[in-house]
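Here is the structure we will look at, set down as structure tokens.
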Amino acid sequence: MLRNMSIRKRLLVILALVYVLSMIGTIGGGYYLLNQDALREAKEKIQLFATVMSANQEFMSYNVRPDLMDLLPDTYFPSASVGIVMMSETAKIIREDYPEYNFKIASPNPLNKENLSDAFENTIIAGFDKGNYEEWEGVVTKVGKRYYANATQIVARKSCIWCHDTPETANPEMVEEYGRDSGYGYELGDIVGGRFIYVPMAEADKITMEKLAGFGGGISLLFFLAMLIIDRIIVATVVKPIENIVDVAGDISRGKMTREFEIIGNDEIKLLAEAFNRMKVSLAKAMDILHK
Ligand code: HEC
């Protein structure tokens, strides 16, 4: 295909091909690198969020709950004694400032219906149950939005059972608040749910797209300018001189022996013009001899 084209066209087609390949490389490679960056950033945010939550829970377990049990042994006060209640409530406060961040203690069998696991969470919890992993991390799309998610399994321990065994044995105040339908039946060692943290990727994705558009635009502009400049150079230094040689050679072939091949520049075309001029001289001599 390239063989049937003019030099100028051929060069422009090759440049256009290089442009397309560079764009694919830049956009593909750029997307990969920027996405890695966005993921790393999301991971850091999740770690920070998880550490804050665990620290809260730890503080409660070691500094609040034991004293509460000593001081008010018969009082039902979940905000100071149930880690999950405290974490969910803290997360709600955090979400006032970071509405896109989500923290959820999800369970397929919850006391609080708000904690009912969705389809994605159910698959992850099923993975915990099968022993595939104890912690899961990755990207998930929910209602059209991309999130980076971290999930850790929640296992029923001895200390959990008295609230989550049966409505009859649980604290009546708790049963009154949450009902008797679900959230019970825990057995020691059961995987009862997961702690899910979601960090939104929309902002990072937007920045990735903007950067890619910037790269793409920059490269396109650069190639456009390069094509323009190379085209001008090719026309001036190759196409025009060759056209000139063709023109002069045509005239000479029709007997206009006064015409000369123009010698411009210092490249292969100049050598060609010089060779043609020498050939013209030899031709003129040969014609002279023939005429005589
Ligand atoms: C003092 C009672 C109590 C104890 C002890 C307790 N929980 Fe709960 N648990 C609750 C309450 C109340 C909720 C509902 C919290 C809410 O409103 O979000 C809950 C919620 C949960 C949830 C979220 C799903 C749901 O049921 O709403 C899980 C999972 C859970 N608990 C597991 C545990 C585990 C594991 C332990 C032991 C480490 C434990 N719980 C100990 C009272 C308790």
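The values are calculated or read from the model by the stated rules, or taken from the named source; none is laboratory data. It should be emphasised that the depicted structure is a prediction, and the values quoted were computed from it without experimental measurement. Cβ coordinates were reconstructed from backbone atoms using ideal geometry, including for glycine residues, and neighbour counts include every protein chain displayed. Keep in mind that these areas ignore ligands, DNA and RNA; they rest on the heavy atoms of the full protein, side chains included. Shrake-Rupley method; radii C 1.70, N 1.55, O 1.52, S 1.80 Å.
Here are a few things to note about the model shown:
- Heavy-atom accessible area order for Ser81, Ser159, largest first, 1.4 Å probe: Ser159, Ser81
- Relative contact order [Cα under 8 Å, 6+ residues apart], the range 76-183, whole percent: 21 percent
- Sequence of Lys130, Lys43 from largest to smallest accessible area, 1.4 Å probe: Lys130, Lys43
- Within the range 184-265, all pairs of alpha-carbon atoms sorted by distance into 10 Å bins from zero give the percentages 13, 17, 13, 12, 11, 9, 8, 6, 5, 4, 2, 0.
- Within the assembled protein chains, the solvent-accessible surface assigned to Glu44 is about 100 Å², based on a 1.4 Å probe.
- Taking Cα atoms only, the orientation of helix 119-130 departs from the longest principal axis of the chain by about 70 degrees.
- Over the chain, Cα pairs under 8 Å with separation of 6+ residues give a relative contact order of 19 percent.
- For the chain, a simple Cβ point-charge model (Lys and Arg +1, Asp and Glu -1, everything else neutral) yields a dipole of about 3060 debye relative to the Cα centre.
- For Phe128, solvent-accessible area (1.4 Å; no DNA, RNA or ligand), Å²: 10 Å²
- As an equivalent ellipsoid, the chain spans semi-axes of 85, 16, 13 angstrom, where each value is the square root of five times an eigenvalue of the C-alpha gyration tensor, largest first.
- Tilt relative to the chain, helix 240-253 - C-alpha long axis, 0 to 90 degrees, to 10: 30 degrees
- A straight line joining the Cα centroids of the range 54-100 and the range 192-208 runs 24 Å.
- Relative contact order of the range 150-287, defined on C-alpha pairs under 8 angstrom at six or more residues apart (%): 18 percent
- Heavy atoms of Arg180 accessible to a 1.4 Å probe, total area in Å² rounded to 10: 130 Å²
- When Leu21, Leu11 are compared by accessible area of protein heavy atoms, the largest-first order is Leu21, Leu11, using a 1.4 Å probe.
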